[in-house]
Number of protein chains: 2
Amino acid sequence: MLTIAVDAMGGDHGPRVTIPAALEMLKKHPNLELIMVGDQSVLRKYLRAKRALDTERLTIQHASQQVEMDEPPSQALRTKKDSSMRVAINLVKEGRAQACVSAGNTGALMATARFVLKTVPNVNRPALISVLPTDRENEDVRVLDLGANVDSSPEQLVEFAVMGSVLTSAIEEIDEPRVGLLNVGEEEIKGNDLVKKAAELLTNLHDINYVGFVEGDHIYRGSVDVVVCDGFVGNVALKASEGLAKMLLQQIKDGFNRNWLTKLSGLAALHVLKNVAKRTDPARYNGASFLGLQGIVIKSHGNANVMAYQNAIKEAMLEVEKDVPQRISRKVGKLLQREDA
Amino acid sequence: MLTIAVDAMGGDHGPRVTIPAALEMLKKHPNLELIMVGDQSVLRKYLRAKRALDTERLTIQHASQQVEMDEPPSQALRTKKDSSMRVAINLVKEGRAQACVSAGNTGALMATARFVLKTVPNVNRPALISVLPTDRENEDVRVLDLGANVDSSPEQLVEFAVMGSVLTSAIEEIDEPRVGLLNVGEEEIKGNDLVKKAAELLTNLHDINYVGFVEGDHIYRGSVDVVVCDGFVGNVALKASEGLAKMLLQQIKDGFNRNWLTKLSGLAALHVLKNVAKRTDPARYNGASFLGLQGIVIKSHGNANVMAYQNAIKEAMLEVEKDVPQRISRKVGKLLQREDA
């Protein structure tokens, strides 16, 4: 059996999304147990509406508070000790759950997870990693850090590279994931001080398959399995591309909605466009992971729908099955041993 | 009359693109004169093929060398003193042309332009700015820096903000363009040291309409007229979004090409999709500008086609007509005077 704690109140939609997603996942995975954390009277109401009050493998863990989406992390940490987010993380700490999932405030989740679970020995700070699509069918790419850190040091980028490599190797079952460093050009002379120094360190590190610099447009080309960058850069790049994709798809939709003739042609094209939308659907890629913690914490998009939230729970299950924190801890330990020698 | 020097050899396609683009522009703009810089025998051959050897308002300026697309900027600067790029910039310096356009090596263009033309007094370094589409019809956004600088200081970001505001105000004829600072969140506490310090400086600067932080996905939302960022971040964000857009459009194309049924539905959808592609066509947005120089230097995409290259020349014409370098110089001077007082 596999037990996951869900911050049932977190995100833009709270239990309206987390409860149906949880029930779906329990149906699909007979080896899954879920602990839904939040206001028990509210959660019971949602379960009752779904006629699922006595659902097997689902328990409610009461939490009296809730972290607001715009609440400063330090305030959440200080004043929300009984929030659904904090209690879900506590369950991981106490060993009652093997992972937790939250769609709540990213900053608060990061701060609370780090405070409660601590980082793996010798990992400076956790990093946020997520899967993104590439233009090669069935080949995805993982990018980190997506915003857990800003002003990272070269040494931190190396930590990100190692952690990203370990996760990708474990989940995708490939031996030596290709790791690239995000830069403004592929030539060695290009880039800022940060990536130049990180590249030097990575080139001398023979434990991961570092393949050199990659440019922004290469993220989606499937030429590497892991893209490493500072969290400021990763966050902006990810959001910028999401923004452009959204604009394009909206314009296509508007174009087909213009008049009855375009609507007709839209009907004809619907099948093809739906397939494309499905392949790059953000819901499919929902479930970013904080790597480097002594425990598994998965961040769902705040506005995830039921399908997307299920994928976040699925990511948690995968990382439990593959024992990702242990693997990271072992790999980081091994690297340090060598340095000491 | 308006005279523009064209680095006729630069870019992936050289005269195959620059010559037809030049001839088209001369046809459209009776007040335009072009000086085509490059190997005169090669350029004559292309003109002859177009039966345009005696074209009025087009002269050839011979240059015996050419900067390679992957040549290090310092090497180009040192060893290519008679390159088509260098000579085109010299023509601006000598006052024989009012602007120049090149699709050549960006780093070399930046280094050479800066060396030959110098920056406007009190501007530290030039910045690369370009127009991008937004989801509001007929509303574009300008983003800088796109990679002329990495490791910018807060003071440089302020310079970028002022220069971007001046250019946008001049070209779009709006009084107070809204200027946003690219960040990982909109709240004041978010961001790295660089943007926090720059935000402080910008908030105290009352000469431009600084509206606060914008996130990556807001670039394409038309909520601001100018987005300011360090060149590393801007370059990666731009390329990442280009990469995702390319992937999406390719997938749509592949989807319609799958079999005769999808091809048929593609035919029906063609009109709508072409309209969308046209609106976000990179060719329409070709022509980035190095702001902060004592002269106008426009950078075309290396792989620009004839239509795209015309837009780069058009951008040069606009900046000449609006006297952009003078305006930047006046505005920067005014700000400094106030500081001294």
- Note on the structure: Within the stretch A:185-200, residues of a type in the set (D, E, K, R), within 14 Å of chain B (Cβ to nearest Cβ) and in a helix (DSSP H, G or I) come out as A:Asp193, A:Lys196, A:Lys197
- How many residues, within the stretch A:245-289, are part of a helix (DSSP H, G or I), under 25 Å from B:Arg221 (Cβ atoms), more than 8 Å from every other protein chain (Cβ to nearest Cβ) and not basic (Lys, Arg)? 5
- Note on the structure: Selection over the stretch A:152-191 where residues are small (Gly, Ala, Ser), farther than 11 Å from A:Arg142 by Cα and more than 18 Å from the chain's Cα centre (by Cα) yields a count of 4
- Item | Within the stretch A:207-242, considering residues that are under 12 Å from A:Leu182 (Cα atoms) and part of a loop (DSSP other than H, G, I, E, B), the one farthest from the other protein chains (Cβ to nearest Cβ) | A:Val224
- Message: Going through A:Val6, A:Val67, A:Val42 one at a time, which residue ends up being β-branched (Val, Ile, Thr) and under 17 Å from A:Asn305 (Cβ atoms)?
- Response: A:Val6
- Task: Determine whether A:Glu137 is closer than 30 Å to B:Gly255 by Cβ, more than 17 Å from the chain's Cα centre (by Cα) and not aliphatic (A, V, I, L, M).
- Result: yes
- Would you tally the residues in the stretch A:76-91 being outside any helix (DSSP H, G or I) and of a type outside the set (S, T, N, Q)? 3
- Query: Which of the strands (runs of 3 or more DSSP E) contained wholly in the stretch A:92-145 include at least 3 residues that are in contact (Cβ under 8 Å) with a residue 60 or more places away in the chain, under 23 Å from A:Asp225 (Cα atoms) and among the hydrophobic types (A, V, I, L, M, F, W, C)?
  - Reply: A:127-133, A:140-144
- Task: Please enumerate the residues belonging to the stretch A:181-195 that are charged (D, E, K, R) and either in contact with a His (Cβ under 7 Å, 6 or more places away or on another chain) or modelled with pLDDT of 95 or more (or both).
- Result: none
- Message: Quick check on my filter: what residues within the stretch A:54-75 are touching a strand residue (DSSP E or B) at 6+ places or on another chain (Cβ under 7 Å) and not in a loop (DSSP other than H, G, I, E, B)?
- Response: A:Leu58, A:Thr59, A:Ile60, A:Gln61, A:Gln65
- Please specify each residue of the stretch B:1-47 satisfying the condition of being part of a loop (DSSP other than H, G, I, E, B) and either crowded, with 21+ Cβ neighbours inside 10 Å or of a type in the set (A, V, I, L, M, F, W, C) (or both). B:Met1, B:Ala8, B:Met9, B:Gly10, B:Gly11, B:Gly14
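Any residue at all in the stretch A:303-324 that is modelled with pLDDT of 90 or more, within 14 Å of another protein chain (Cβ to nearest Cβ) and either surrounded by fewer than 17 Cβ atoms within 10 Å (Cβ to Cβ) or in contact with an Asp or Glu (Cβ under 9 Å, 6 or more places away or on another chain) (or both)?
yes
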- Could you please find all residues in the stretch A:168-184 being part of a strand (DSSP E or B) and either of a type in the set (Val, Ile, Thr) or without any contact (Cβ under 8 Å) to a residue 12 or more places away in the chain (or both)? A:Val179
- Query: Quick one: A:Asp145 ticks every box in (1) buried (at least 22 other Cβ atoms within 10 Å of the Cβ); (2) over 24 Å from B:Ala237 (Cβ atoms); (3) among the charged types (D, E, K, R) bar one, so which box is it?
  - Reply: (2)
- In this structure, does B:Ala113 turn out to be touching a Phe, Trp or Tyr at 6+ places or on another chain (Cβ under 8 Å), surrounded by 24 or more Cβ atoms within 10 Å (Cβ to Cβ) and away from every other protein chain (no Cβ under 14 Å)? yes
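The values are calculated or read from the model by the stated rules, or taken from the named source; none is laboratory data. If you're wondering where the values come from, they're calculated on a predicted model, not measured in any experiment. All Cβ positions, even for glycine, are placed from backbone atoms using ideal geometry, and neighbour counts span all protein chains on display.
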